[in-house]
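Take this structure, written in structure tokens, and hold onto it; I'll ask about it next.
The values are calculated or read from the model by the stated rules, or taken from the named source; none is laboratory data. Keep in mind that what you see is a predicted model, and the values were worked out from it rather than measured. For neighbour counting, all protein chains shown are included, and Cβ atoms are generated from backbone atoms with ideal geometry for every residue, glycine included. The accessibility values were calculated without ligands, DNA or RNA, using every heavy atom of the protein model including side chains. Shrake-Rupley method; radii C 1.70, N 1.55, O 1.52, S 1.80 Å.
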Amino acid sequence: MTGDDRPLVLVVDDEQRVVQAFDIWLGDGFEVLTATGGHGALEQIHDGVDVVLLDRHMPDLSGDEVLERIHEESYDCRVAMVTAVAPEFDIVDMPFDHYVSKPVDKSTLREVTTRLAEMGAYDQRLNELYRVTQKVATLEDEMTDSRLGHHDEYAALIEERDRLREETHELMSEMQPHQLEDVFG
């Protein structure tokens, strides 16, 4: 969080108009940093960043590469991939928290960003459950049941989700309904 208690968001997209739109949409509730490429994102990120909104397809350094660097450097931030790249099974092993397909509207962007900013206050196991649940939902939204049924990655993701649900059951039973809504929508 920043000194003024607004979450700090780093918006990364190679299209200047997208960066500007996201900055305007988020500016009243968040402090916003912007970068128009992967290298710029790595120059901007620091330990104070709460949320990164990251495009996958960028010419200088892809969002996937930036995501990996964020993960390797162990920045304590949440990452949403906000992209026109259709999700495939490669997302199973990617260390992001939420996947948003473009085009995205202001309401969705603000909702996802708010949810991710709030996740910092929750137990790490709940954060992991959220990540896995979002990946399952993304794949289920984009693919047919028959396609999902033929992939070991999807089956492993379901097993991981169920294991995490079991591990966090007691913790979630202690949470208020509005807290569960904040985390899982």
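From the square roots a ≥ b ≥ c of the eigenvalues of the alpha-carbon gyration tensor of region 34-134, which class results: rounded (a/c under 1.5), prolate (a/b over b/c), or oblate?
Numbers: a/c = 1.33, a/b = 1.15, b/c = 1.15.
It is rounded, given that a/c, with a ≥ b ≥ c, falls under 1.5.
Taking the Cα centre of the chain as the origin, how large is its charge dipole in debye, to the nearest 20, when only Lys and Arg (+1) and Asp and Glu (-1) carry charge on their Cβ atoms?
Here the chain has a charge dipole of around 440 debye.
Still on this structure, I have one more. Residues in region 82-96, backbone N under 11 Å from the label point at Glu159 (7 Å along the Cα-to-beta-carbon vector): list them, ranges by number please.
It comes to no residues whatsoever.
Taking +1 at the Cβ of each Lys and Arg and -1 at the Cβ of each Asp and Glu, which of Phe30, His57, Pro95 sits farthest along the dipole of region 1-126 towards its positive end, judged by Cα position relative to the Cα centre?
Checking the options against the dipole of region 1-126, the answer is Phe30.
Stretch Asp141-Ala86 to full length: gain in nm at 0.36 nm per residue minus the Cα-Cα span? Walk me through the numbers before you get to the answer.
Working: separation 55, 0.36 × 55 = 19.80 nm, distance 1.07 nm.
Here the answer is 18.7 nm.
Using unit Cβ charges (K, R positive; D, E negative) and no other charged atoms, how large, in debye to the nearest 20, is the dipole of region 77-123 about its Cα centre?
Details: 5 positive and 8 negative charges, 60 e Å.
That gives a dipole near 280 debye.
What percentages make up the Cα-Cα pair-distance distribution of region 1-70 when the bins are 5 Å wide from 0?
Cα pair-distance distribution for region 1-70, in percent: 4, 20, 30, 24, 15, 6, 1.
In nm, to one decimal, how far is the modelled label at Lys106 from the one at His57, with both set 7 Å along Cα→Cβ?
2.7
For region 1-139, what is the accessible area per residue in Å², given a 1.4 Å probe and the full set of protein chains?
44
For the ranges 161-169, 63-71, 140-148, what's the packing order if you count other beta-carbon atoms within 10 Å of each residue, average per peptide, and put the highest first?
Working: 161-169: 13.6, 63-71: 19.1, 140-148: 12.0.
My ranking of the peptides, most packed first, is 63-71, 161-169, 140-148.
Treating only the Cβ of Lys, Arg, Asp and Glu as charged (+1, +1, -1, -1), what charge dipole size does region 94-171 show about its Cα centre? Round to the nearest 20 debye.
Numbers: 11 positive and 18 negative charges, 80 e Å.
So the magnitude is around 380 debye.
Using amide H atoms built 1.01 Å from N in the peptide plane, name the residues 5+ places from Leu33, or on other chains, whose amide H lies under 5 Å from its own.
Close amide H contacts, sequence-distant or interchain: Val9, Leu10, Val11.
Please list the non-local residues whose amide H lies under 5 Å from the amide H of Arg78, H modeled 1.01 Å from N, same-chain partners needing a gap of 5 or more.
The answer is Val51, Val52.
Based on the mean of other beta carbon atoms within 10 Å per residue, what is the order of 48-58, 107-117, most packed first?
Values: 48-58: 23.1, 107-117: 18.4.
Descending mean neighbour count gives 48-58, 107-117.
May I pose another question? Pop out the ³J(HN,Hα) list for region 101-109 in order, Karplus 6.51 cos²θ - 1.76 cosθ + 1.60 with θ = phi - 60°, rounded to Hz; leave Gly and Pro as x.
8, 7, x, 10, 9, 4, 4, 5, 4
Also: Just check the chain against the gyration tensor rule for me: Cα atoms, a ≥ b ≥ c as the square roots of the eigenvalues, rounded for a/c under 1.5, and otherwise prolate or oblate depending on whether a/b exceeds b/c.
Details: a/c = 1.75, a/b = 1.23, b/c = 1.43.
Oblate is the answer for the chain, as a/c is 1.5 or above yet b/c matches or exceeds a/b.
Could I ask something else about it? Determine ³J(HN,Hα), in whole Hz, for all residues of region 75-81 in sequence, where each value follows from phi through the Karplus function 6.51 cos²θ - 1.76 cosθ + 1.60 and θ = phi - 60°; x replaces Gly and Pro.
5, 8, 9, 9, 10, 10, 7
Can you find, among Leu157, Thr138, Ala117, the residue sitting farthest towards the positive end of the charge dipole of region 97-158, where Lys and Arg contribute +1 and Asp and Glu -1 at Cβ?
Among Leu157, Thr138, Ala117, the one farthest towards the positive end of the dipole of region 97-158 is Ala117.
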